[in-house]
């Protein structure tokens, strides 16, 4: 087994081998990348590669090939490194040309004056696990990997552990008890990833790993990118295949430099904060030298992550039963929404919405839903969020309590002292579901931060962009986040569509009722829903000229009757609803029928809102 | 080693600079020991003027004493080249150390190599192809001969452009006494491309040569001048000006110019150049040069032979200033979706503290890279280099913004093809329509509003009458959009904000007066007062988009008064009194007070804004929902297309945003139309006509402000055509647009006439007349009642209502009472009205 996986266990040997063969012609770099790409393509080889998301860092062999499903949280400055260098062994007086690519540390005495030295450039990305990734997404991708990747026998990490124990003991000796405990645990239990606890527990005290969402766990990683780094963008989701580098010497160097900088202030180009951020101890933030990265369109492990055109095939297999899946999902959501089938319909539309294009500043396809009329006191919204969490691959519930609004950092901000982008809750990957719980908001004073946060949320909803704060200026980052607002009355935030919740059931014990609804669903059923939602979102959509004409006619007709009832904005919304409705039925194009249905749906919704208005209007 | 040693561009930074350095010691500190440098210079520079006095004892006044800090300390300024102390150039210094190390062991390879050159030897600096003699000669020739007749640079103001430029600058130096000569690299390039190439590739060798050349020349010409230290040459604008992202390993050790924004400056770092030791036994003094950041402490006193008796005397050691500056990419240079890069910059000596965080600067300097410090106990090295730039020249790009016009800094560089393309576009007869339809294509119709905004983007021509004491005339056009909610006003604002380079977007709800103007902050660290500028100042020369204008507090709105007419902002706060420029156009959007626009009311009544502010808007548009079938049909078509057309189709239909941006930028900087005779006549006529309209009904319908607006609009329209003259068609369009806007906003709902006084006084003339009539009627009524000193309020009201044929509201009655009270005819106390 190990021989087969040499390229996984010891990829640097492959790199060095190819480098030696190349005779310093520069195309060896391409060959290396191609070699690994080929290897990974072969019959699901990528599932053999251990994943940093699931396997605790100390189980992974240093300098082995690993993968990491992550989001680019920050981009550091490019750095120059010794791509090729020559070592000069003083004892034997022999010179040797070595390759410095994919490594952090040089080996042997470097001859800085050698003519063979080649300076190259690489870029560092600070990557974090996808924020708000649902537990089920983590588990499923974990199970898929474990079946293969766990081939690395447990014995193999024991020596490893001993090798590096000196370094780790320093950090861990405060909790040796716990440590032993963990090591003794059977593997299966670790799938819940409690093993991260210890590392994150003591890292938060010393080092802020800069996760966008509070309470997140998991490894952060410095990914070194060697080519085409301009192609990556902030907040991109990636699956990175790279060589893990956790050489303890890295942190030793950091310490030394820190010490020396104290002695010699003229040498300081980095502040202490900067050093902490840019060269954290590798035991906490490992380095990953990227060989190959696959951009992720979505992070639903149930669907193939590759290019969207393959998605069609996959979906068509589901498509057969699409109608039934949709119906089941609708029933389920109706139950969850206490018998409100209209709200359930809109919730489905909301869940498959997606910004598919931007026309100058206008994002097209977004569908922010405001569920008003949610009960205030009961933990209903919490349960609703749990349901949504079960359905989408990543989500976050933001309690809009006064305290949160005034204190939470939502907009990412550049910290110039540490030279990094301090993350905020609105730094989310594409297609994340943001659940804004306005029922938690009470009366009171919003301070400056609160006003800024509300503005940021408003911008996010209206323009699907977040203005990151760079102190001297702001920078606009477009995003694609599904925002669902639950509120008692109409939300104070703008929304594309407001549905007033009208429960037909009135269960005496809400909690019991909801958990009963939950239990009634089989896990396999959930998987179907998940595939359906992610799949429907990725479908293409067109509209024929004929329908365009019909829609125009219709609009003119509607305006004739009552111009007030149908504004341009209403048409905007109607077009989005029609689009989402067609997609939710697996249709690629708008039909006359679909248009009528969309109109009916909207009419129903509006009438309900108006009723609500007149109701509340009667109140003094 | 023969002829020119070619340099591998990929060679590591350490190699070029320390190629023959035997030790692996890293990062030499910028030093220049006196003796060695002097010795080196002799071999380096075969110039005739290299007399050296003394052998081991250094002549501090020698020009060859390049970089002896001690020389700076000693001696008062004397005239003549030999009398003027040289000053160390720490900006170039860090590598000057290198060649001299091996000088004694292998002098040949160190400094020069032999190449056949006809009769004798031709010397070049090791590792380069620079011959000192030739280089110096060339540069002197450049200084003596170069003229820049077409130069438009600010720095050359007041110089005779047909005379050799730099000779005039040398004269200036002798007058001003600031021994720095800034040299524009592009001048060198046009003069001698080879010299330019050498300067870019080997700055640390070439610039000292330039220094020598310029000092020789200077003191030849003006032997009696007294300077603080020798002249230093500071090249700037190396043509390789680029953004930070484009820097790559090939640029190491080259002269580069990059632009960016200062985000952090360190405190001043004193860097020891020379250590002063004193023997504690015999009080013998000795000086030790800093060698690569280290001081070799003398173990034995040379005088009394006592070991370990030498002690460092800090305040007699020589230090130079150094400052670390962090530079961040300017936001304009960045690709979308990425974070900005930063670079470390070191400023030395007098460049320290020249820039502040927040400044936009262009810096010229030498790009350096050094391996990370070696861990002495380990053979392993982090294989990463530390990079920084040693700055030679700063140029603030936003410096002038606060003080005056800065067309130069704004100048975006367009390629010839781009300019040709833009001009071709401008030549088209329908360019105005094309551009206006390219503006916010996702928003349907509202053609006139788009045209108005387009003219706003171009702006009028700046006129400066400060000399005659009339101050600046506003060139910016202000526009107010009001209308029903949901008529994509915000979207239009967002679009404009994204289109212009210096746009600001604020919402009336979320902004305070302070956020709009400027505030004073105390820096917690330095206890220094810092002026933080707000949206209006930041959008100087740009557009400030204010959404929800009506929701703005009165206090906040009041600051706009000054900005919108005088275009300045006065601050008097926490001991700072200043006037900042805020030449910003304001594009504001307001919603009607009653959520829906009430067509029965005037604009003022609908949006409840003070008329003093309204009259400062050149154009006020109503964005209402027109209700007719054809419009609806087109709207529907537009919206459906918006949703389902592919990107490419849209691209074909409209000019894209980038072209529009460039077009506007080009017109703003290069077209300055002036009124033609014909246009002035047309304007006068238009104004007189506007005044006439009202005079028939006994009211004033136009004020000089409206004339100014017309002029601005006409100028902007001429700019759209890239025309340098305002012609009558421009005036026609200005008139039309102005009329359209007025028709919408200043129509008196009671009479149906356009009435400018609605906007200027907040009340239509008819309404004012009406008010007077009511007051008169009331007066008559009271008089008819005879001598009654007091009346019941309600009684009077009822009487008046009964008497009058028109309905009189309580408001009107109150107003009439107030008017009479103002006349001192009566007073109102509680429920009784007393005559006076």
| Single residue of segment B:327-342 satisfying the filter (more than 7 Å from every other protein chain (Cβ to nearest Cβ) and either over 20 Å from the mean Cα position of the chain (by Cα) or part of a strand (DSSP E or B) (or both)) that is modelled with the lowest pLDDT | B:336
| field | Members of segment A:496-519 found to be in contact (Cβ under 8 Å) with a residue 12 or more places away in the chain, surrounded by fewer than 14 Cβ atoms within 10 Å (Cβ to Cβ) and assigned to a loop (DSSP other than H, G, I, E, B), listed by number | value | A:504, A:505, A:506
| Matching helices (runs of 4 or more DSSP H) fully within segment A:175-292 where at least 3 residues are within 14 Å of chain B (Cβ to nearest Cβ), modelled with pLDDT under 50 and under 19 Å from residue A:52 (Cβ atoms) | none
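A quick yes/no check of all residues on (1) surrounded by fewer than 18 Cβ atoms within 10 Å (Cβ to Cβ); (2) assigned to a helix (DSSP H, G or I); (3) modelled with pLDDT of 85 or more:
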site	(1), (2), (3)
A:387	no, yes, yes
A:398	no, no, yes
A:404	no, yes, yes
A:417	yes, no, no
A:421	no, no, yes
A:425	no, no, yes
A:429	no, no, yes
| said: Looking at A:42, A:65 in this structure, which one is surrounded by fewer than 18 Cβ atoms within 10 Å (Cβ to Cβ) and either more than 30 Å from residue A:479 (Cα to Cα) or at pLDDT 80 or above (or both)? | reply: A:42
| task | Among the numbered conditions (1) within 49 Å of the chain's Cα centre (by Cα); (2) within 23 Å of residue B:605 (Cβ to Cβ); (3) modelled with pLDDT of 75 or more, tell me where residue B:727 comes up short. | result | (2)
| remark: Those residues of segment B:446-476 that are over 21 Å from the mean Cα position of the chain (by Cα) and at pLDDT 75 or above come to a total of 10
| task | Using the structure shown, decide if residue A:453 is within 12 Å of chain B (Cβ to nearest Cβ) and at positive phi. | result | no
| query | Hey, among the residues in segment B:353-369 that are more than 15 Å from residue B:257 (Cα to Cα) and surrounded by fewer than 20 Cβ atoms within 10 Å (Cβ to Cβ), which one's nearest to the other protein chains (Cβ to nearest Cβ)? | reply | B:358
| task | Could you check, for segment B:264-278, whether at least one of its residues is in contact with a strand residue (DSSP E or B) (Cβ under 8 Å, 6 or more places away or on another chain), outside any strand (DSSP E or B) and closer than 30 Å to residue B:334 by Cβ? | result | yes
| said: Looking at the structure I just gave you, is residue A:381 within 14 Å of chain B (Cβ to nearest Cβ), touching a residue at least 40 places away in the same chain (Cβ under 8 Å) and over 22 Å from the mean Cα position of the chain (by Cα)? | reply: no
| note | Per the filter on segment A:49-86, residues within 25 Å of the chain's Cα centre (by Cα), more than 14 Å from every other protein chain (Cβ to nearest Cβ) and assigned to a loop (DSSP other than H, G, I, E, B) are A:49, A:50, A:52, A:53, A:54, A:55, A:56, A:60, A:64
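Residue-wise test of (1) surrounded by fewer than 18 Cβ atoms within 10 Å (Cβ to Cβ); (2) under 15 Å from residue A:226 (Cβ atoms).
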| residue | (1), (2) |
| --- | --- |
| A:11 | no, yes |
| A:20 | yes, no |
| A:26 | yes, yes |
| A:29 | no, yes |
| A:46 | no, no |
| A:54 | no, no |
| A:60 | no, no |
| A:86 | no, no |
| field | Residue selected from segment B:175-201 under the condition part of a helix (DSSP H, G or I) and touching a strand residue (DSSP E or B) at 6+ places or on another chain (Cβ under 9 Å), by the criterion nearest to residue B:351 (Cα to Cα) | value | B:185
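The values are calculated or read from the model by the stated rules, or taken from the named source; none is laboratory data. Just so it is clear, the structure is predicted and the values come from calculations on it, not from any experiment. Every residue, glycine as well, gets a Cβ built from its backbone with ideal geometry; the counts of neighbours run over all protein chains shown.
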